[in-house]
Amino acid sequence: DAGVTQSPTHLIKTRGQQVTLRCSPKSGHDTVSWYQQALGQGPQFIFQYYEEEERQRGNFPDRFSGHQFPNYSSELNVNALLLGDSALYLCASSLVFANEKLFFGSGTQLSVL
Amino acid sequence: SQQGEEDPQALSIQEGENATMNCSYKTSINNLQWYRQNSGRGLVHLILIRSNEREKHSGRLRVTLDTSKKSSSLLITASRAADTASYFCATSISGNTGKLIFGQGTTLQVKP
């Protein structure tokens, strides 16, 4: 049973570019959440997708957008990259009505130069 | 913004000793969870305690929750070198655990 998988593992971009990160949830899960973790900080909630719609959103600008596909996988897109977007981006999956723990992927380390 | 504040920020102990980490939060919660993170990679869920529970055990882990003080503690007994990691508390303030608010974490080093 595959857990949460994220790709790519590492990514280097320059300011102003756009990036797409991908996530496949744990088998049987229907909800995907994205988190941003800056170095030395705890993860911060970006948004959550369920039934292909954004259900909740954290305090992130519109440059951050996402998508969920019918197979529950998800993408995180960031436009007009800033140096401050450099971080570890974590995807987590869950069952929306289970009110239980999240399963996290290993993350994508994004460096913006 | 971070809801939780964790204390201490860093902790260094010898193998076999107990490690205690504390977490405080600001708003009412549905549950509080603890996660472990090794080397800045993915987080692993350790334990969940609901707002109507006061104490919970899982193996060498003991978690307490005091909703009147808005605080929680994680105790790791008989620590091992493999317990070396960052530990985060996370609170769920709605019925949906998809949105968790994390603290800044405690970095634990267990020396062999």
Point to revise | Counting all C-alpha pairs of the protein assembly as shown, share separated by more than 23 Å (%) | key: 47
Check your understanding: Given labels modelled 7 Å from the Cα in the Cβ direction, how far is it in nm from A:Thr5 to B:Thr64?
Key -> 4.4
**Study point:** Using θ = phi - 60° and Karplus 6.51 cos²θ - 1.76 cosθ + 1.60, couplings along segment A:50-58 (whole Hz; Gly, Pro as x)
**Key:** 8, 6, 6, 10, 6, 9, 9, 9, x
Check your understanding: Using only the Cα atoms, what convex hull volume per residue in Å³ does segment A:5-95 have?
Key -> 92
Exercise for review: Would you please name the GluC sites (Glu not before Pro) within segment A:1-99 that are DSSP coil residues with at most 12 other C-beta atoms within 10 Å of their C-beta?
Suggested key: A:Glu51, A:Glu52
Revision key, fill the gap. Long-range share for segment B:5-111, i.e. C-alpha pairs more than 18 Å apart as a percent of all pairs, stands at 43
Study note, to complete from the structure: Between A:Gln17 and residues 5 or more places away or on another chain, the pairs with built amide H atoms under 5 Å apart involve A:Leu81
Check your understanding: Taking every residue in B:100-108, how many Cβ atoms of other protein chains lie within 10 Å of its Cβ, on average?
Key -> 4
Review point. Hey, which lysines would be in cross-link range of A:Lys26, C-alpha to C-alpha under 25 Å, not counting anything within fewer than 8 residues on its own chain?
Key: A:Lys101, B:Lys99
Point to revise | Carbon + sulfur, % of accessible area of chain A - ligands and nucleic acids excluded, 1.4 Å | key: 50
Exercise for review: Treating cross-link reach as a plain straight distance, find the aspartates and glutamates whose alpha-carbon is under 17 Å from the alpha-carbon of B:Lys56, omitting any fewer than eight places away in the same chain.
Suggested key: A:Glu100, B:Asp66
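The values are calculated or read from the model by the stated rules, or taken from the named source; none is laboratory data. Being a predicted model, the structure only gives us computed values, none of them experimental. Every residue, glycine among them, receives a Cβ derived from its backbone with ideal geometry; neighbour counts consider all protein chains shown. We work out accessible area using only protein heavy atoms, side chains counted, and drop any ligands, DNA or RNA first. Shrake-Rupley method; radii C 1.70, N 1.55, O 1.52, S 1.80 Å.
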